[in-house]
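Trainee: This is the structure, below, for whatever I ask next.
The values are calculated or read from the model by the stated rules, or taken from the named source; none is laboratory data. Note that the structure is predicted; figures quoted are calculated from it, not measured. Reconstructed Cβ throughout: ideal geometry from the backbone, glycine too, with neighbour counts over all protein chains shown.
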Amino acid sequence: MAGHSHSSNIAARKGAVDQKRARNFNKLARGIMSAVRQAGSDPDHNLKLKYALEKARAGNMPKDNIERVIKRAAGEKGGAGFDEITYEGYAPGGVAVMVACLTDNRARTAPDVRYAFDRHGGSIGAPGSVGFLFTFRSIFAAEPFKNDKGESDEDKWTELALDAGAEDVRFEGEAVTVLAPPNDFLAVKKKLEEAGATLFSAELGWMPNSTVALADKETARKVLALIEALEENDDVQNVYANYEIPDEWARELQAG
């Protein structure tokens, strides 16, 4: 997949994400609390909690923080629950957007998400309006292996990914995207890590079935501004979009 990809987007924005660590920890904690309140504090008997813990560790959330969140959630009898909601819409340039939220107040979250779309030239849609353009999958973004010449070793990655149970491998500049069925997330992640893969991210999420190439830098700026505004909302867990822009545009716009 040419242009600005899922994985290279993660790599390019890693520094900016690191600066928002406190906000990210709050979102990770919310995911853990929601899982514990739904099915208890034992990850061996709570698959959703196991996924939440994997995500928290991948986000470098300290072990002490994770343990405190679990104890707090387990000890809160009748605490406020969280609803999982996915909003759908369009960004400028015809880019489809999926916004995965975890909220304790729908009346707050819905207008906030709508406002972000409206303010940045997008439009929120009805359920199902763009969902058919995405597939829910295990998504791993990683550094490429290098051969003796310092070049990306695509054959090694392909062999590893297929052996691990992946469905697809995509080589995108200085990053690799590995796609697998959602139910195989933990098994595939374990095999990739055991093989020495360096992961930028590992998540269950919506992967676009195709991408929209943006025609100009101004449209790209608007798309990135909308996604950033959505990600700044504490109720928003993840944002998925099917845009494609050149890496040099992305670096310039994110630096500016």
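Trainee: Can you find, within region 94-138, the residue that is farthest from E232 (Cα to Cα) among those that are touching a Ser or Thr at 6+ places or on another chain (Cβ under 7 Å) and β-branched (V, I, T)?
Mentor: T103
Trainee: Can you name the residue in region 199-226 that is hydrophobic (A, V, I, L, M, F, W, C) and under 23 Å from A52 (Cβ atoms) and is also modelled with the lowest pLDDT among such residues?
Mentor: Here the residue is F200.
Trainee: Does region 247-256 contain any residue that is of a type in the set (A, V, I, L, M, F, W, C), in contact with a strand residue (DSSP E or B) (Cβ under 9 Å, 6 or more places away or on another chain) and touching a residue at least 12 places away in the same chain (Cβ under 8 Å)?
Mentor: No: region 247-256 contains no residue that is of a type in the set (A, V, I, L, M, F, W, C), in contact with a strand residue (DSSP E or B) (Cβ under 9 Å, 6 or more places away or on another chain) and touching a residue at least 12 places away in the same chain (Cβ under 8 Å).
Trainee: Another question about this same structure. Quick one: which residue in E67, E88, E54 is within 17 Å of the chain's Cα centre (by Cα), acidic (D, E) and modelled with pLDDT of 90 or more? Full working, then the answer.
Mentor: Working: E67 fails: within 17 Å of the chain's Cα centre (by Cα); E54 fails: modelled with pLDDT of 90 or more.
Step by step, each of E67, E88, E54 is checked, and only E88 is within 17 Å of the chain's Cα centre (by Cα), acidic (D, E) and modelled with pLDDT of 90 or more.
Trainee: Could you please find all residues in region 40-78 being buried (at least 18 other Cβ atoms within 10 Å of the Cβ) and either in contact with a strand residue (DSSP E or B) (Cβ under 7 Å, 6 or more places away or on another chain) or not small (G, A, S) (or both)?
Mentor: P43, L49, Y51, L53, E54, K55, M61, I66, V69, I70
Trainee: From the list T177, T219, exactly one residue is touching a strand residue (DSSP E or B) at 6+ places or on another chain (Cβ under 7 Å) and either at negative phi or not β-branched (V, I, T) (or both). Which is it?
Mentor: Details: T219 fails: touching a strand residue (DSSP E or B) at 6+ places or on another chain (Cβ under 7 Å).
Unique residue meeting the criteria: T177.
Trainee: I'd like to know if region 184-205 contains one or more residues that are closer than 25 Å to C101 by Cβ, outside any strand (DSSP E or B) and touching a Lys or Arg at 6+ places or on another chain (Cβ under 8 Å).
Mentor: Yes, because at least one residue in region 184-205 is closer than 25 Å to C101 by Cβ, outside any strand (DSSP E or B) and touching a Lys or Arg at 6+ places or on another chain (Cβ under 8 Å).
Trainee: If I ask for residues that are buried (at least 17 other Cβ atoms within 10 Å of the Cβ) and part of a strand (DSSP E or B), which ones from region 213-256 would you list?
Mentor: V236, Q237, N238, V239, Y240, A241, Y243, E244
Trainee: Determine, yes or no, whether V169 is touching a helix residue (DSSP H, G or I) at 6+ places or on another chain (Cβ under 7 Å), assigned to a strand (DSSP E or B) and at negative phi.
Mentor: yes
Trainee: Here is a further query. Please verify whether A141 is in contact with a His (Cβ under 7 Å, 6 or more places away or on another chain) and not in a helix (DSSP H, G or I), treating the condition exactly as stated.
Mentor: Taking the combined requirement at face value, the residue satisfies it.
Trainee: What number goes with the only condition from (1) of a type in the set (A, V, I, L, M); (2) closer than 17 Å to Y240 by Cβ; (3) at pLDDT 90 or above that A175 does not pass?
Mentor: Here A175 meets the rest and fails (3).
Trainee: Note down all Cβ pairs under 8 Å where the first residue falls in region 134-154 and is of a type in the set (V, I, T), the second is modelled with pLDDT under 80, and they're at least six residues apart or on different chains.
Mentor: The qualifying pairs are I139/H6.
Trainee: Please go through region 32-55 and pick out each residue that is within 18 Å of D184 (Cα to Cα) and either without any contact (Cβ under 8 Å) to a residue 24 or more places away in the chain or of a type outside the set (F, W, Y) (or both).
Mentor: P43, D44, H45, N46, L47, K48, L49, K50, A52, L53, E54, K55
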